[in-house]
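Q: This is the structure I have questions about; it appears just below.
The values are calculated or read from the model by the stated rules, or taken from the named source; none is laboratory data. Keep in mind that what you see is a predicted model, and the values were worked out from it rather than measured. FYI the Cβ positions are ideal-geometry reconstructions off the backbone, even for glycines, and counts take in every protein chain you see. When the accessible area is computed, the model is the full protein with side chains, heavy atoms only, and any ligands, DNA or RNA have been set aside. Shrake-Rupley method; radii C 1.70, N 1.55, O 1.52, S 1.80 Å.
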Amino acid sequence: MTANDEYILEILESVGLINREQALRAREAAQQEDKGVVDVLARSGIVSKMDILKSLAGQFGMETITLTGLEIPQEVLDLVPGEVARRYKIVPVYKNEATLTVALSDPLDVETLDSLRYILKCNVEGVVAPEEEIEIALTHYYAHASATVESMLEEITEGTVAVPTDGIKDLSQEGEATEADAPIIKLVSLIILEAFRNRASDIHLEPLAKKFRVRYRIDGVLREVESPPKRLQSAIISRVKIMANMKIAEKRLPQDGRIQINVMGRDLDLRVSTIPASHGESIVMRILDKQSLLLGLPQLGFFSDDQQVFERLIGLSDGILLATGPTGSGKTTTLYACLNYINRPDRKIITVEDPVEYQLSGINQVHVRTDIGLTFAAALRSILRQAPNIIMIGEIRDFETAEIAVNASLTGHLVFSTLHTNDAPSAITRLLDIGVKPFLVASSVRAIMAQRLVRKICEKCKEEHKAQEAELRLLGPAAQQLAQTQQFKGKGCTDCQFTGYRGRLGIFEIFTVSDDVRHLIFEQTSASELRIKARELGMRTLREDGLRKVVAGVTTLEEVLRVTMGDID
């Protein structure tokens with residue numbers, strides 16, 4: 001915790017935004033988690049980031065500004081070179097006679113304003129804007145000033161790049177790259193940078209018969225981008241493997257690795273996977289952004305009623321809470337957000353994961369390594385001797401893991417885990433199929449939450465929309481009610497890359513295990529009967545939760561139908 005953080009707490013306390021007790025708790029949490037007090041306070045919901053910015057700006061006689069929707073004239077943008085704007089994380093907003101006004105996110109950062117006065121040779125004043133808006137504005141206004149994958153490819157001519165062979169030396173061990181290697185290093189870096197700018201969750205490098213395809217997964221949908229020439233395939237793959245500390249010469253077996261980089265001021269982890277395919281090694285890089293862990297439950301997609309239920313569940317002292325859904329449905333992000341929510345100094349939390357996707361401050365994380373015998377079950381046996389309060393298991397895959405998880409929950413531990421099932425009630429039958437006895441399942445499982453991710457309507461180009469007849473027919477009885485409500489859809493703009501969607505949120509199916517449900521589990525009732533009972537007790541299905549979000553104007557009927565086609569009413 002820095003001196004600036006102490007000063008911020010004093011200001012917020014003096015203006016009445018927080019009291020002394022809240023300030024002490026924030027100071028303690030910031031020291032424990034090694035984070036700034038602004039992030040700690042905003043995450044806890046005590047005070048919003050915007051209110052904090054307004055209070056701090058007021059102390060320095062500065063105004064706050066919203067960059068969203070603001071059109072900045074090109075002549076103002078031309079006053080600040082792109083590299084200067086990105087280095088200092090500022091955006092010029094207007095010019096008045098001899099004074100240039102720039103937006104910055106930290107009103108205490110007087111050194112930036114002094115540096116800009118010296119560099120730009122004019123008087124510079126500051127206004128305060130949220131950091132997220134500044135990053136978006138920098139990407140929007142200065143994208144042309146930075147190199148792109150397309151422009152980089154134009155610079156790489158035939159013979160510029162030496163294609164690595166099996167015997168190539170590891171450039172990371174040599175300490176420096178040769179002149180011939182430099183274009184490939186830049187190109188791979190730009191592919192990653194462009195993916196981050198486009199909010200991609202995955203980068204796919206796929207060797208095909210006559211081309212080397214590059215695709216980004218943005219908001220859950222794959223999009224093909226400008227692909228490098230086929231002749232650069234070996235060089236690019238080798239560069240990625242070097243960055244991920246993989247064996248370059250090994251091309252016959254799958255490999256896993258990790259790249260840790262800083263992109264535009266953010267620390268990113270890239271989980272890299274290679275697999276031999278017909279025309280070369282296929283690579284997928286999964287981008288793990290730690291800022292996604294700071295999401296509160298509303299940002300994940302919970303409405304207030306579901307949020308209250310879920311907060312009560314994750315506040316229990318024992319039992320098993322399961323998140324279910326297919327790969328890529330956001331289960332891990334939800335569980336991490338839960339751990340962050342309940343992570344306090346008086347609780348010991350241990351996770352067992354394969355692999356550890358995010359490094360969490362204040363939490364003990366165990367990486368499963370089956371090659372040396374450190375399986376989920378072996379790790380779980382050991383961590384129970386560590387006397388944790390809360391355990392997170394990456395996935396329950398077999399009877400041994402399930403049995404230990406059940407025993408842990410019955411001996412006073414709260415256990416979080418995931419299962420691959422299509423809906424919540426099916427998780428019960430899945431545990432029974434694995435071999436867990438019915439009375440143990442009934443006694444240990446507290447709740448199961450199935451989830452999917454749907455794309456959010458872009459707020460910039462949102463407009464009214466009437467549902468198509470074909471879509472309404474797929475809804476069945478719910479169609480008539482939905483047809484009478486106002487709906488929205490994104491028209492498509494530069495902000496959402498003309499897709500009409502920007503960002504994603506969850507739709508949820510929360511199945512709490514009541515006494516009636518326990519009785520059915522004892523009798524080994526089928527998943528369909530459990531589902532009927534759960535509906536009678538008030539469980540809202542994935543599709544029903546999705547339709548609520550259609551009515552609320554945050555997603556479209558098309559999206560909900562796309563991810564819930566298997567949802568049976």
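Q: List the residues whose amide H sits under 5 Å from the amide H of N123, counting only those 5 or more places along or on another chain, with H placed 1.01 Å from N in the peptide plane.
A: L100
Q: So what is the accessible area of the chain per residue, in Å², with the probe set to 1.4 Å?
A: That works out to 48 Å² per residue.
Q: Each residue of the stretch 231-246 in turn: what ³J(HN,Hα) in whole Hz from Karplus with 6.51, -1.76, 1.60 and θ = phi - 60°, glycine and Pro shown as x?
A: 3J(HN,Hα) across the stretch 231-246, in whole Hz: 5, 8, 4, 4, 5, 5, 4, 5, 4, 4, 5, 4, 4, 8, 6, 9.
Q: Next question, about the same structure. Give the percent of DSSP beta bridges with both residues in the chain that are antiparallel, rounded to the nearest 5.
A: Among the beta bridges of the chain, antiparallel pairing accounts for roughly 65 percent.
Q: Could you state the angle between the C-alpha long axis of helix 304-314 and the longest principal axis of the C-alpha atoms of the chain, as a value from 0 to 90 degrees rounded to the nearest 10?
A: The answer is roughly 70 degrees.
Q: Okay, moving on. Rank-order 316-326, 63-73 by packing density, defined as the average count of other C-beta atoms within 10 Å over each peptide's residues, highest first.
A: 316-326, 63-73
Q: Sticking with this one: Could you pull out the pairs from K89/K456; K54/K348; K460/K533; K49/K462 whose alpha carbons sit more than 31 Å apart here?
A: Values: K89/K456 27 Å; K54/K348 36 Å; K460/K533 42 Å; K49/K462 25 Å.
Over 31 Å Cα-Cα: K54/K348; K460/K533.
Q: Would you mind putting 272-283, 247-258 in packing order, based on average other-beta-carbon counts within 10 Å, highest first?
A: Put in order of decreasing packing, that is 272-283, 247-258.
Q: Let me ask you something else. When the Karplus curve 6.51 cos²θ - 1.76 cosθ + 1.60 is applied with θ = phi - 60°, which whole-Hz ³J(HN,Hα) does each residue of the stretch 430-447 get, with x for Gly and Pro?
A: These are the phi-based 3J(HN,Hα) values: 5, 5, 5, 5, 4, x, 6, 5, x, 5, 6, 4, 4, 7, 9, 6, 8, 6 Hz.
Q: Sorted from largest down, give the three principal axis spans of the alpha carbons of the stretch 299-428, whole angstrom values.
A: The principal-axis extents, from largest down, are 44, 35, 28 Å.
Q: How tilted is helix 3-14 with respect to the longest principal axis of the chain? Cα atoms for both, answer in degrees (0 to 90, nearest 10).
A: 70
Q: Which order, highest average first, do 14-22, 430-438 follow once you tally other Cβ atoms within 10 Å for each residue and take the mean per peptide? Present the calculation step by step, with values, prior to reporting the outcome.
A: Working: 14-22: 13.2, 430-438: 16.8.
Answer by packing, highest mean first, reads 430-438, 14-22.
Q: What are the residues whose amide H is under 5 Å from the amide H of G362, where those residues sit 5 or more places off or on another chain and H is modelled from the backbone?
A: none
Q: Report, ordered by chain and residue number, the lysines lying within cross-link reach of K331, taken as a straight Cα distance under 16 Å and ignoring same-chain residues fewer than 8 apart.
A: K290
Q: A follow-up question, please. Could you run the Karplus curve 6.51 cos²θ - 1.76 cosθ + 1.60 with θ = phi - 60° over the stretch 266-283 and give me ³J(HN,Hα) per residue in whole Hz, x for Gly and Pro?
A: Residue by residue, the stretch 266-283 yields 10, 7, 10, 10, 10, 8, 9, 10, 10, 8, x, 10, 4, 10, x, 7, 8, 10 Hz.
Q: Let me have the relative contact order for the chain, percent, based on Cα pairs under 8 Å that are six or more residues apart.
A: Value for the chain: 9 percent.
Q: Under a cut-off of 18 Å between alpha-carbon atoms, report the lysines in cross-link reach of K95, not counting same-chain residues fewer than 8 places apart.
A: Leaving aside lysines fewer than 8 places away in the same chain, those within reach of K95 are K121.
Q: With everything on Cα atoms, drop me the angle between helix 542-551 and the longest principal axis of the chain, reported from 0 to 90° to the nearest 10.
A: 50
Q: Still on this structure: Tell me which cysteines of the chain come out unpaired when the rule is another cysteine's Cβ under 4.7 Å.
A: Cysteines of the chain left without a disulfide-compatible partner: C122, C338.
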